[in-house]
Each structure stands twice: as structure tokens, then as C-alpha cells.
């Protein structure tokens, strides 16, 4: 396998420097670990740091890559350690400080220009778009499975879950569902386009997992934790999940113990309508009944100015953690319980 003129031979593991984009100060590169077994087998692509404040995934990628052994691997494992370098440098949230783009929506969509991708409107490839294109075009076509490691932003925390999106191709979507279940994570979240009323265009196009699906490659988001923390139990859970998935798809040997998964479908996202202090009365991963109280916002007098209840029977997949909130802040995300 040759990546950007750097060759990794069968039976070899190498750490590569992979150029992503150029700025006024020069070319910026990210570390990529490639582990090739001597025997043929599937290729799994693992990525971290698309949203650069989600550190559990990046730290898990380090541990996971360090544990890879070409003597036990069939096929190839590729680990892209950090996708959003400007955000990682600046310790920013999901928007890159260099061009204001959300990398999670900046991966190339066939037939679409950069305009409308990410959070900016123009026809040029800014650094985030260029990095996303380099990663996608270099690694996704040669991969059989794609795992994008994510978690909560600085203002929220998530229970362990595997989220996946749908292409409308039944065979690919069924393969993606099956792949999502290989990590041993009990909570799965299927998010068809338009299935969240408060965000009617979500998820839309441009995420690496979904665009991989349109190429026929099952892709998922592995989600844990948040608040800009390194949470070692979640790091260990991520590494264990990745290794379990490798066993399930035949990259490494080993038994795969059955895990009963629960799949949520679609859901709701509740935003602050008022400014004030937020009292969150539920926890990530908690199941709530339709109409059950989630929390409230109160003002400087202590008066409650806004209350939140669950629109449906659901499981909390994201819960905010900011004590002070402004109108428009995302507070509660939940997936619908369907069975």
C-alpha cells in the first residue's frame, strides 16, 4: 500500500506524516498509522479529531494504534490521528478557527462545490475543505469499513453510543446496521435524514461516514463522553470496541461475545428559548417517557422562565453541561425508543 508516496509493506506497521493543507506558514500534516498484515483481509479506517475538542477519540486512537500488531492482522488498519489540526491547536469546538467550517459537514459530495459545505458559503476549497478532501479521497476508497471517533463538545456529554446514517441503498444500509453492532456498544442510534423535527435538514450530506456509505462502505460514528475531558474509562471502552469490531469483521482472531443492542430511530433536539441558568434534571443515557420533565431555565430572581419536557419516549443521547445558557443553545438531544 502506498499513501502519498510512502509505502507500507505487508507485515509492516508505520507511522506516516500525511499532508492535509497549506497556510501562509507552510504545509500542515497529520500523523497516520498504517498496519498491514501479511495475509489478505478487510481494510478498516479509523479517524479521530474531526471535532477537535472530542479528546476521548483522539487518545483512544493513540492507544489503539500502539496495540496494532501486523503479525496478528489480516488486511489493513489505517488510523488518522487528527483531522482538524487548526481546531486542535486552538482548542476550539466544531468550527475550525482558520475558516469557520464544520469539518463534520465538509467532506466531498459528488457534484457539489464547496459552497454550502460546512458553515460557510463560497466556491473555493478552504483549508478545512482541502483537508477533508485529502482524507476522503486518500483513504475511503481503499477501505471496507469506516469509523469516525467522536463525542460531546465542550458544552455537553454523551453516553456511549454508535450513530449511523442512511443512504437509501438497502444493501449498504443493512451492512451499516450490522457494522454498528460489532463494537459491543448497547446503544445504537439510526438517524434517517429529516427524522429530527427541530433540525429538519439533519444530517444532510458531507460527513465522512455517510459519504463512505454512498461509496458502498459502511461508516459509523463512535460517540462517548465530552466536556473537553480525557475520560479513561471511555478511552478504554473505545479501544475495546474497535478491537471487538476487528474480530467481528475478520481482521484479527478471537471470539465475539454476543451483546444485546438497542436501536433508537430519529429523535428530538431541544434548544434554549430564553437566557438564564439551566437546571439539567436528566442524565446522558437515561430513558424518559413522553412528557417527562428534563429541566428548566431560571433567571436572576430564581423564577423559572422556561421548562423542558420530552416530546416522545426517548433515550438522552446528549445532555448539555453549561450552567449559563443563551437562546439557541442546544440543551437536550434524544433518540426515539421504537421498541
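Values in this text are rule-based calculations from the coordinates and carry no lab data. Bear in mind that the values here come from a model prediction, so they are computed numbers and not experimental data. As a convention, Cβ positions derive from the backbone with ideal geometry for all residues, glycine included, and neighbour counts pool all protein chains shown.
Side notes on the structure shown:
- Of 199, 246, 103, the one that fluctuates the most in a GNM where the chain has Cα springs shorter than 10 Å: 199
- Modelled spin labels at residue 170 and residue 29, positioned 7 Å past Cα toward Cβ, are 4.8 nm from each other.
- Computed over the range 112-255, relative contact order equals 30 percent, with contacts defined as Cα pairs under 8 Å that lie 6+ residues apart.
- Bins of 10 Å from zero: percent of alpha-carbon pairs in the range 267-337: 23, 54, 21, 1
- Value of [θ]222 nm, deg cm²/dmol, for the chain, DSSP H segments ≥ 4, -39500 (n - 2.57) each, nearest 500: -6000 deg cm²/dmol
- Normalised by the number of residues in the range 267-337, the mean separation of alpha-carbon contacts (under 8 Å, six or more apart) gives a relative contact order of 43 percent.
- Only Cα pairs under 8 Å and 6+ residues apart enter the sum, and on that basis the relative contact order of the chain stands at 16 percent.
- On Cα atoms only, tilt of 55-67 relative to the major axis of the chain in degrees: 30 degrees
- Additional length obtainable on full extension of the chain from residue 229 to residue 289, 0.36 nm per residue less Cα span: 18.6 nm
- Summarising the label geometry, the points placed 7 Å from Cα in the beta-carbon direction at residue 39 and residue 186 lie 3.4 nm from one another.
- Mean-position separation - Cα centroids, the range 305-322 and the range 221-282, in angstrom: 18 Å
- Residues considered: 250, 26, 323. Largest GNM mean-square fluctuation over the chain, using C-alpha springs under 10 Å, is found at 26.
- For a label point 7 Å along the Cα-to-beta-carbon line of residue 299, residues of the range 253-276 with backbone N under 13 Å: 274-276
- Equivalent ellipsoid semi-axes, the range 139-269, via Cα gyration tensor eigenvalues times 5, rooted, Å: 22, 20, 14
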